[in-house]
Amino acid sequence: MKYAVVNGERIEPKPSLKGICQSCNLPMIAKCGEVRVWHWSHAGKRTCDPWWENETEWHRSWKNQFPIDWQEIIHRAETGEKHIADVKTNRDWVLEFQHSFLKPEERRARNGFYKKLVWIVDGNRRPRMKKQFFKTLDDISPVSRDPLIRPVFLGFSALLEEWVNPQVPVVFDFGEESSLWCLIPTSPDEMYVHVAEISRAGLIALHQDITTQACHDNFANYILRLGKIVSDYAANRARELSTPSLPARYPIGLSRRLMGFRQYSDLLHRSRRRF
Ligand SMILES: [Zn+2]
């Protein structure tokens, strides 16, 4: 962890410093080596929070984009269950930075626990993940250019398959300075999903509107707007398909209805053999 309590204050680790865990009150030791980022570790056991993931530079650089008093915040449910959120904003959005693979049951549990949750996922866990993801982006025309929203056929990307049906927003970080890709939680079709391009600075700014009115939740509005663009687009396409004169090009999810189930199944089967 980045913080432990020393003399009543949340402090970052320094060599030889001892503190206590802000969640369980047990002793913590500052680990200040040369391999991993400097962090606090529970004395004698791994962690008091089973959801905690060992931090990397990637985790730490994301946390550092937000005010200190939003970082590593204990979130309590009415049942008494508590976990340490990576970041919790002044709009009660919890941002979880996820590097390693997460079992679907734990993902669902965390979605249910935090409710207003955004996953920020390290897309560079394996080199092929980034390659697959961007290859799929080139396959289909966008449904919107501003903001840029692209449908992505599910069979081509292991990372998207891993995060399919997210229920909450998921943002993939492939280490590019300009672009992150937000997987839109709602999808009008089960065979493909939609991703929206958002800048790193833009995503951070949507959560840092601390000067605006208390009821104004910019990130919630942003996600709603993405969902509406996608559903409006799907409704328009469905209308076009029901008329005799069909447009020349379709997204692949709609093309499958035209090409027939047999051909579509073959395409899907071939695509799944890619990884
Ligand atoms: Zn603890």
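Does the range 37-52 contain at least one residue that is at pLDDT below 95, more than 14 Å from the ligand (Cβ to nearest atom) and not β-branched (Val, Ile, Thr)?
no
For the range 5-20, how many residues are more than 14 Å from the ligand (Cβ to nearest atom) and of a type in the set (Val, Ile, Thr)?
The qualifying residues number 2.
Of the conditions (1) within 15 Å of the ligand (Cβ to nearest atom); (2) free of Cβ contacts under 8 Å to residues at least 60 places away in the same chain, Glu34 fails just one. Which one is it?
The failed condition is (1).
Filter the range 36-88 down to the residues that are within 17 Å of His99 (Cα to Cα) and of a type in the set (A, V, I, L, M, F, W, C) and list them by number.
Val37, Trp51, Trp52, Trp58, Trp62, Ile84, Ala85, Val87
Looking at the range 55-64, can you tell me whether even one residue there is modelled with pLDDT under 95, within 16 Å of the ligand (Cβ to nearest atom) and of a type outside the set (Gly, Ala, Ser)?
Yes, that holds for at least one residue.
Quick check: anything in the range 129-143 exposed (fewer than 14 other Cβ atoms within 10 Å of the Cβ) and under 21 Å from Gly202 (Cα atoms)?
Checking the range 129-143: not a single residue is exposed (fewer than 14 other Cβ atoms within 10 Å of the Cβ) and under 21 Å from Gly202 (Cα atoms).
If Ser23 passes every condition in (1) within 16 Å of the ligand (Cβ to nearest atom); (2) not in a loop (DSSP other than H, G, I, E, B) but one, which one does it miss?
Tallying (1) within 16 Å of the ligand (Cβ to nearest atom); (2) not in a loop (DSSP other than H, G, I, E, B), Ser23 fails exactly one: (2).
Inspect the range 116-134 for any residue being within 30 Å of Lys82 (Cβ to Cβ), among the small types (Gly, Ala, Ser) and not in a helix (DSSP H, G or I) and give the result as yes or no.
Start the filter on the range 116-134 by keeping residues that are within 30 Å of Lys82 (Cβ to Cβ), which leaves 116-123, 125.
Add one more test, that the residue is among the small types (Gly, Ala, Ser), and what stays is 123.
The next check asks that each one be not in a helix (DSSP H, G or I); those that pass are 123.
Yes, because at least one residue in the range 116-134 is within 30 Å of Lys82 (Cβ to Cβ), among the small types (Gly, Ala, Ser) and not in a helix (DSSP H, G or I).
Do you know which residues across the range 101-115 are in a loop (DSSP other than H, G, I, E, B) and under 20 Å from Gln71 (Cα atoms)?
Lys115
Could you identify the single residue in Ile74, Ile120 that is at pLDDT 95 or above and more than 16 Å from the ligand (Cβ to nearest atom)? Can you show your working first?
Working: Ile74 fails: more than 16 Å from the ligand (Cβ to nearest atom).
Only one candidate qualifies: Ile120.
Residues are listed down the side, and each one gets a yes or a no for (1) at pLDDT 95 or above; (2) under 15 Å from the mean Cα position of the chain (by Cα):
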position	(1), (2)
Ser157	no, no
Glu162	no, yes
Asn165	no, yes
Val171	yes, yes
Ser178	no, no
Trp181	yes, yes
Met191	no, no
Arg200	no, yes
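List the strands (runs of 3 or more DSSP E) that sit entirely inside the range 165-238 and contain at least 2 residues that are touching a Cys at 6+ places or on another chain (Cβ under 9 Å). Don't jump to the end; show me each part of the working.
Details: elements: 170-173, 180-183, 192-198.
By residue number, 170-173, 192-198.
The values are calculated or read from the model by the stated rules, or taken from the named source; none is laboratory data. Model, not experiment: these values are computed from the prediction. Positions of Cβ are backbone-derived with ideal geometry, glycine not excepted, and every protein chain shown enters the neighbour counts.
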